[in-house]
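See below for the structure under consideration.
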Amino acid sequence: MAQIDTLFHYLVSSGASDLHLSEGQPPKCRLHGDMHAFREEPLNHEELGGMLSEIAGAPRWSKFEETGDLDFAYEMDRDTRFRCNYLKQSNGYGAVFRIIPTKIRSLDDLGVPQVIKKFGHLRGGLVLVTGPTGSGKSTTLAALIDYINTNLARHIVTVEEPIEFVHQNKRSIITQREVGENTPSFARGLKAALREDADVVLVGEMRDLETISLALTAAETGLLVFGTLHTNNARKTVDRLIDVFPADQQDQVRTMLASSLRGVVAQLLFKRSDVPGRLAINEILVANAAVGAIIREGSTPKLQDVLVAGKADGMQLMDDAIMTTLKAGKISPQEAYMKAIDKQRFAQLAGM
């Protein structure tokens, strides 16, 4: 048993989601969104260095010492995996570990809108699942990939850093590739997928121009591409994709995106007020002729009108979804106000 496993066992038994280790600080965990210390005494350089190097192994530890950053997945036992992020900070070593559930929850279990299942049946195009770090994007995408795997006969290729949820073949064949281990970059992994007879490609993170450009091209050529971005609504997602490109290419990119975008699922995670825990709230954009025209024109503020008018197609505006959840008594007015896009709409309810 590794030295750090004692902390991991405590994390699992407490129901927390993340373990934070930082030199000069006591170990802390995130439970239902709040931070709690495990003990009073701080971690010193030797203790933390020993914990981190043991589970990383010599090659990864050497890479971390050289670069100051490291991402990988660690399997404590058959039922418990963690996404590991190592960093160097002003006081020395630091690390954050997130529990990766080994049982992939279904879309129904997650309680996400049913229209998301329709994205799994598409034969091509780009679908983006967006939200800030820790908003459950990976969990929602894993559920969507599992839905396809269970119901459809496809070849699914995932390119991730690191591999989080491990999928077993069901009706589909799943090829999971880890950046840094099986392929040098997201862009290279995506480019290779074009030659691997893939039907569906999951790109763990669309963080640079080359990856986004390849994703758009792949979606245009008939692959169903799922990707993630750190944006919290549909309008910002479209703007972010286009703004990555140089100004002289943006008109062409708008045209590509208008024809290939099939949907945006923006997700925020809220602390519940009715029971302990957190819940996801989604903004859903389903691309149609009006969405395509708006993207081509570059008038993304008009997407809000489409979201409001498109309820019959399963669309929903983030603030409308937050208001519905608030009225159902599942979240507090303060939590709604903090996460809302239009703060004014919630200010009076939150006593602001």
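The values are calculated or read from the model by the stated rules, or taken from the named source; none is laboratory data. What you see is a predicted model; the values in this text were computed from it and never measured. A quick note on method: Cβ atoms are made from the backbone with ideal geometry, for glycine too, and the neighbour counts reach across all protein chains shown. Surface accessibility is based on the protein's heavy atoms, side chains included, excluding ligands, DNA and RNA. Shrake-Rupley method; radii C 1.70, N 1.55, O 1.52, S 1.80 Å.
Could you tell me whether Glu205 is open to solvent by 40 Å² or more (accessible area, probe 1.4 Å) and of a type outside the set (Lys, Arg)? Judged against the criteria, Glu205 is a match. Among the residues of region 33-55, those that are open to solvent by 30 Å² or more (accessible area, probe 1.4 Å) and in contact with a Lys or Arg (Cβ under 6 Å, 6 or more places away or on another chain) comprise Met35, Ala37. Of all residues in region 293-352, none satisfies the criterion of being open to solvent by 90 Å² or more (accessible area, probe 1.4 Å), at pLDDT 95 or above and not in a helix (DSSP H, G or I). There is at least one residue in region 17-27 that is within 26 Å of the chain's Cα centre (by Cα), under 27 Å from Gln176 (Cα atoms), surrounded by 13 or more Cβ atoms within 10 Å (Cβ to Cβ) and among the hydroxyl-bearing types (Ser, Thr, Tyr).
Would you say Leu216 is at pLDDT 95 or above and either within 15 Å of the chain's Cα centre (by Cα) or farther than 19 Å from Gly125 by Cα (or both)? Criteria not met by Leu216. Note on region 89-134: residues that are assigned to a strand (DSSP E or B) and open to solvent by less than 30 Å² (accessible area, probe 1.4 Å) total 12. Restricted to strands (runs of 3 or more DSSP E) entirely inside region 197-279, those with at least 2 residues that are among the small types (Gly, Ala, Ser) are 261-271. Condition test on Asn149, is it on the phi < 0 side of the Ramachandran plot, open to solvent by less than 20 Å² (accessible area, probe 1.4 Å) and of a type in the set (S, T, N, Q)? Yes, satisfied.
If you go through region 273-290 and keep only what is farther than 29 Å from Arg105 by Cβ and either without any contact (Cβ under 8 Å) to a residue 24 or more places away in the chain or surrounded by 16 or more Cβ atoms within 10 Å (Cβ to Cβ) (or both), you end up with Ala289, Ala290. Within region 73-87, the residues that satisfy the criterion of being under 19 Å from Cys29 (Cα atoms) and not small (Gly, Ala, Ser) are Tyr74, Glu75, Met76, Thr80, Arg81, Phe82, Arg83, Cys84, Asn85, Tyr86, Leu87.
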